[in-house]
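Structure, as structure tokens:
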Amino acid sequence: MSFNIRSLFYVVIVGLIPVLNSCKEAEPTILYHLSISEHGAAFDMAGGTKTIQVLPFPETEKWEAAYDVQEDWFTFEAGSNALTVTAEPNYDTETRIGAIVITSPEGHFGPYQISVMQEAGLALEFATTAADYSFDSEGGEVTYTVSSNYDWTLEYDADWLTVFHYPDLEQMVIECRPNESEESRSAILTMSAGHGAQEEIHEIVITQGTRAENPYFKLLGQWEITAAKWYYSPNGSLNNLDYAPNQTDYYLIFDMEQGEYGKTLMMRDFLYPDTELEVRYDKETGNIVIPFGWTVYSYDVFLYITLVSSTKFSYASLEVEGIPSEDFTSITLDLPTVDGWNYVGFGLWTYNDSGSKVALGSRSRPTMFPMGPIVFKKQSL
């Protein structure tokens, strides 16, 4: 058998070409993906910010983030390797759920979903005793209770008011300055608690009068004692008087002067010169309270309730209210009715030489004993 060596070499070389072509190195396959530290962001009702690590492979691979459904209660910011999610406080009583979708602009990997959840807010609990209030001309303060499981705010526009809040005591104190003007004034205070559908608004009106309108100051001045019946004492006993006594001669016109503002008044020069008695002022009712039974001149002259019958007379200690008329031109004494006595009034008493109490008076200076009904009448200036 014979063959040509040159021809054989050619066959071998030609035969190797397909084999060499089939051994050429293949292109590498890249497995694009993201490594995400958390697949959800959970918030309590207060909200806040959370950061999720987003690491692409390869590192240069780009990614994008978008709302699954547009939401207004949280926002996000996509950085090179992180997604920052920020949730607003939740004042609603329902849980909130949303999502963020991460995708590849080049379509190299499928979408990744980041869930965003937030717990429901607390139901608003707001209560207050705050109510409309009127200060007199001299101002003062008023205290209310305020309780709320949410922060609350107060808005007002009045430089004559100052409001103090004491959360630990659940108290609000409104302080009012004196009104030195001749006009009354008012302000609206608006309290707000909660937000959105749960927001609760409470308004109160604070007013303040002038000094001319102040009931306390309307009581100051001169007053005349008038009575339905009169007795007088010339010598320690009581005698009937058939006519109205002279107001000036017998000190039936007295002065009502300021004491401790809003609490007391001073009665001076009644029934006898230089007498003095502190009476209580009831700010709630506007009445005065006269404490019969106290000394009114030195240590041994007393102002007592005086009881008179057809055969005898006596004295008693008692507090009696004086009720002003609406126009403050008169004050009516609310004297009691006492069984066994024809008349109830008042007068001055002292000690005699034996130490017994007797009606004050002498022949040179008798004192008057008015009997009820008794009315003080305001004297014109």
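The numbers here are math on the coordinates, done by the rules we state, and not lab data. A quick note: this is a predicted structure, and the numbers were derived from the prediction, not measured. Counting neighbours? That spans all protein chains shown, and the Cβs are built from the backbone with ideal geometry, glycine included.
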**OP:** Scan around residue 134 for amide H atoms under 5 Å from its own, H built in the peptide plane at 1.01 Å from N, and keep only partners 5 or more places away or cross-chain.
**Re:** 207
**OP:** Would you mind calculating the gained length between residue 213 and residue 127 on full extension (0.36 nm times residue separation, minus the Cα-Cα distance), in nm to one decimal?
**Re:** 27.6 nm
**OP:** Show the residues, 5+ positions off or on another chain, whose built amide H is closer than 5 Å to the amide H of residue 342.
**Re:** 308, 309, 310
**OP:** Identify the residues of region 245-260 with backbone N under 20 Å of a label point that sits 7 angstrom from the Cα of residue 298 along the Cα-to-Cβ direction, or state none.
**Re:** 251
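Going by average Cβ neighbours within 10 Å, how do the peptides 367-380, 341-354 rank, with the highest at the top?
Values: 367-380: 19.8, 341-354: 18.1.
In descending order of packing, they fall as 367-380, 341-354.
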**OP:** May I ask for the angle, rounded to the nearest 10°, between helix 5-22 and the longest principal axis of the chain, with both axes built from Cα atoms and the value confined to 0 to 90°?
**Re:** 10 degrees
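Report the calculated FRET efficiency for residue 117 and residue 175 (r = Cβ-Cβ distance, R0 = 56 Å), to the nearest 0.05. Please list the in-between numbers first.
Values: r = 46 Å, r/R0 = 0.83.
It comes out at approximately 0.75.
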Original post:
GNM, the chain, Cα, under 10 Å: largest mean-square fluctuation among 113, 222, 198?
Top reply: 113
**OP:** Could you work out how far apart the two model spin labels at residue 145 and residue 106 are, taking each label as a point 7 Å from the Cα in the direction of the beta carbon, and quote it in nm?
**Re:** 6.9 nm
Subject >> Of 47, 107, 194, the one that fluctuates the most in a GNM where the chain has Cα springs shorter than 10 Å >> reply: 107
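Contour minus end-to-end for residue 184 and residue 260, with contour as 0.36 nm per residue of separation and end-to-end as the Cα-Cα distance? Provide the component values of the computation, followed by the final result.
Numbers: separation 76, 0.36 × 76 = 27.36 nm, distance 2.33 nm.
Gain on extension, residue 184 to residue 260, equals 25.0 nm.
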Subject >> residue 285/residue 73 FRET efficiency (R0 45 Å; Cβ-Cβ; nearest 0.05) >> reply: 0.20
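According to the Kirkwood expression over distinct Cα-Cα pairs, how big is the hydrodynamic radius of region 178-241, in Å? If you can, show how the numbers build up before the last one.
Numbers: mean 1/r = 0.0563 Å⁻¹.
Value: 17.7 Å, from the Cα pair sum.
Note down the magnitude of the dipole of region 255-381 about its Cα centre, charges +1 on Lys and Arg C-beta and -1 on Asp and Glu C-beta and zero elsewhere, to the nearest 20 debye.
Details: 10 positive and 17 negative charges, 97 e Å.
Roughly 460 debye for region 255-381.
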Original post:
In whole Å, how far is the Cα centre of region 195-255 from that of region 287-315?
Top reply: 19 Å
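Rounded to the nearest 0.05, what FRET efficiency is calculated for residue 364 and residue 339 with R0 set to 30 Å and r the Cβ-Cβ distance?
Numbers: r = 37 Å, r/R0 = 1.22.
Step by step, r from the Cβ atoms, then E = 0.25.
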Subject >> Within the chain: Cβ-based charge dipole about Cα centre, in debye rounded to nearest 20 (Lys, Arg +1; Asp, Glu -1) >> reply: 800 debye
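How many times 2.2 N^0.38 Å is the alpha carbon radius of gyration of region 113-152?
Values: Rg = 19.6 Å, N = 40, 2.2 N^0.38 = 8.9 Å.
Against the empirical 2.2 N^0.38 Å value, I get 2.19 for region 113-152.
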Original post:
Which three extents, in whole angstrom, do the alpha-carbon atoms of region 33-118 cover along their principal axes, largest first?
Top reply: 43, 20, 16
Subject >> Inter-label distance for residue 379 and residue 44, nm, one decimal - labels placed 7 Å from Cα along Cα-to-Cβ >> reply: 7.4 nm
Original post:
If the cut-off is a Cα-Cα distance under 20 Å, which aspartates and glutamates reach residue 62, setting aside same-chain residues fewer than 8 apart in sequence?
Top reply: 38, 77, 106
**OP:** Using label points projected 7 Å from each Cα along Cα→Cβ, tell me how many nm separate residue 30 and residue 97, to one decimal.
**Re:** 3.7 nm
Subject >> Projected area, mean over directions - the chain, Cα convex hull, nm² >> reply: 37.5 nm²
Subject >> Linear extension gain, residue 222 paired with residue 166, 0.36 nm per residue minus alpha-carbon span >> reply: 15.7 nm
Subject >> Nonlocal amide H pairs with residue 92, under 5 Å, H built at 1.01 Å >> reply: 121
